[in-house]
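To start, the structure itself, in structure tokens.
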Amino acid sequence: MTDSQKWLALTFFLVVGGLIYLLAPILMPFVCAAIFAYLGDPLADRLEVVKIKSYQLGRTNAVIVVFIGIFLITFSVIGIVVPKIEFQVAHFIDKVPAYIEWLNRIVIPWIEAHLGWDIHLIENDKVIALIKDNWQKAGGGAMFFISSVSRSGGVLAEWLMNLTLIPVITFYLLRDWDILVDKIQKLLPRRAESTAKKLALETDDVLGAFMRGQFYVMLALGVIYSIGLWAVGLNLGLVIGMLAGIVSFVPYLGSIVGFTVACVAAILQFHDVIYLIPISIVFAVGQSLEGMWLTPWLVGDKIGLHPVAVMFAVLAGGQLFGFLGVLLALPVASVVMVFLRHIHDIYRDSTFYITEKK
């Protein structure tokens with residue numbers, strides 16, 4: 001590659017990176033659609049060759065089946081889980097006065113007597129107002145979401161546009177996914193085709209392992225933690241379990257956050273530290289299953305990202321691109337790892353590394 005070609009390639013990547021940064025606010029529906037299409041493509045590939053009697057399903061019909069399946073599952077989960085989470089949070093808010101009364105009557109006097117700390121009594125009204133305010137800011141229910149969005153025509157239009165664009169873009173990307181991949185491959189320089197194809201296959205393996213495998217791990221952990229906390233009798237079991245499952249894409253963070261929140265909720269609900277033992281067992285079992293069975297089976301060791309690298313990638317993505325950056329941080333980091341491994345192999349085979357000093 002000549003110097004002019006190197007500068008041209010560098011300019012191209014800088015321009016593309018700059019455009020992504022500038023267009024980040026409007027890329028969300030395209031990113032979500034691309035994720036849905038990528039996840040659904042393997043199933044569509046299998047279905048399009050299926051024959052019903054003498055009729056072959058074909059790509060378009062296969063995509064329609066996958067497309068309908070994806071969105072039926074998505075909206076079914078939302079319709080079942082969200083109302084239950086809202087009910088549990090509302091029930092918790094109703095119990096807040098009793099929890100505060102117990103803290104003021106038992107816990108705070110004990111802390112002052114044994115630790116010598118001077119703690120002011122907790123004011124009931126302020127705590128309830130704070131909880132309700134933060135719950136609303138977090139999107140605590142469909143009614144609050146609708147009422148908030150309806151106050152702003154611009155916000156309403158933006159959400160409606162995104163909700164409309166995501167299924168439309170998903171359908172067309174999923175239908176033409178193989179065609180797009182083939183056209184991109186034909187645009188590659190012939191002398192770099194073999195290397196680029198090798199990197200593309202490795203990248204596909206890594207992304208498939210991460211995006212599909214990690215999703216299943218998060219779902220499985222959410223179910224395990226929710227069922228375990230429900231068995232313990234925790235009122236917020238579903239909320240805390242699903243929270244721990246969602247956050248578990250960062251190693252150990254899901255179990256740490258879930259365990260901490262579950263312990264606080266158990267002490268407030270049961271007024272007895274003995275319940276921390278079954279909660280500890282629930283998260284120990286979940287963490288053990290994740291490390292010994294779920295992650296090796298569903299994700300494997302293809303990604304090879306160190307936990308510190310995972311945390312850095314998530315924080316860096318959030319800092320640069322907000323929620324979109326958090327969403328893309330680990331897939332992008334996984335792809336970067338593929339290229340770094342390739343660069344490492346080139347370096348180890350280079351004369352710069354092999355040649356000894358005379």
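The values are calculated or read from the model by the stated rules, or taken from the named source; none is laboratory data. Predicted model, so just to flag it, every value in this text is computed and none were measured. Cβ: placed from backbone, ideal geometry, glycine included. Neighbour counts: every protein chain shown.
So, in segment 250-282, of the ones that are buried (at least 19 other Cβ atoms within 10 Å of the Cβ) and among the aromatic types (Phe, Trp, Tyr), which residue ends up modelled with the highest pLDDT? Looking at the filtered set, the residue picked out is Phe259. Quick check on Gly245: is it under 30 Å from Val89 (Cβ atoms) and buried (at least 21 other Cβ atoms within 10 Å of the Cβ)? So Gly245 fits the description; yes.
Close contacts from segment 59-84, counting a first residue that is without any contact (Cβ under 8 Å) to a residue 40 or more places away in the chain and farther than 13 Å from Ala37 by Cα and a second that is surrounded by 16 or more Cβ atoms within 10 Å (Cβ to Cβ) and not aliphatic (A, V, I, L, M), with Cβ to Cβ under 8 Å and a gap of 6+ residues or different chains, come to Asn61/Glu48. If you go through segment 203-228 and keep only what is small (Gly, Ala, Ser) and under 13 Å from the mean Cα position of the chain (by Cα), you end up with Gly213, Gly222. Within segment 15-36, not a single residue is of a type outside the set (Val, Ile, Thr), in contact with a strand residue (DSSP E or B) (Cβ under 8 Å, 6 or more places away or on another chain) and either modelled with pLDDT under 80 or surrounded by 10 or more Cβ atoms within 10 Å (Cβ to Cβ) (or both).
Residues of segment 48-64 that are surrounded by fewer than 17 Cβ atoms within 10 Å (Cβ to Cβ) and either of a type outside the set (Lys, Arg) or in contact with a Leu (Cβ under 6 Å, 6 or more places away or on another chain) (or both): Val49, Val50, Ile52, Ser54, Tyr55, Gln56, Gly58, Thr60, Asn61. Helices (runs of 4 or more DSSP H) fully within segment 57-139 that include at least 1 residues being modelled with pLDDT of 75 or more, more than 30 Å from the chain's Cα centre (by Cα) and among the basic types (Lys, Arg): 58-102. Here Tyr225, Tyr216 are screened, and the one residue that is in contact (Cβ under 8 Å) with a residue 40 or more places away in the chain, of a type in the set (Phe, Trp, Tyr) and more than 26 Å from Ala37 (Cα to Cα) is Tyr225. No other residue among Thr164, Thr170, Thr195 is surrounded by 15 or more Cβ atoms within 10 Å (Cβ to Cβ), hydroxyl-bearing (Ser, Thr, Tyr) and more than 18 Å from the chain's Cα centre (by Cα) apart from Thr170. Of the residues making up segment 318-358, those that are at pLDDT below 80, among the small types (Gly, Ala, Ser) and within 19 Å of Gly17 (Cα to Cα) are Gly318, Gly322, Gly325, Ala329, Ser334. One residue stands out among those in segment 229-242 that are part of a helix (DSSP H, G or I) and buried (at least 21 other Cβ atoms within 10 Å of the Cβ): the one that is nearest to the chain's Cα centre (by Cα), which is Met242.
Contact map, segment 178-196: first residue in a helix (DSSP H, G or I), second residue charged (D, E, K, R), Cβ cut-off under 8 Å, separation 6 or more or different chains; pairs are Asp178/Asp41; Asp178/Asp45; Asp178/Arg59; Gln185/Glu193; Gln185/Lys197. Number of residues in segment 243-261 that are among the hydrophobic types (A, V, I, L, M, F, W, C) and within 12 Å of the chain's Cα centre (by Cα): the value is 6.
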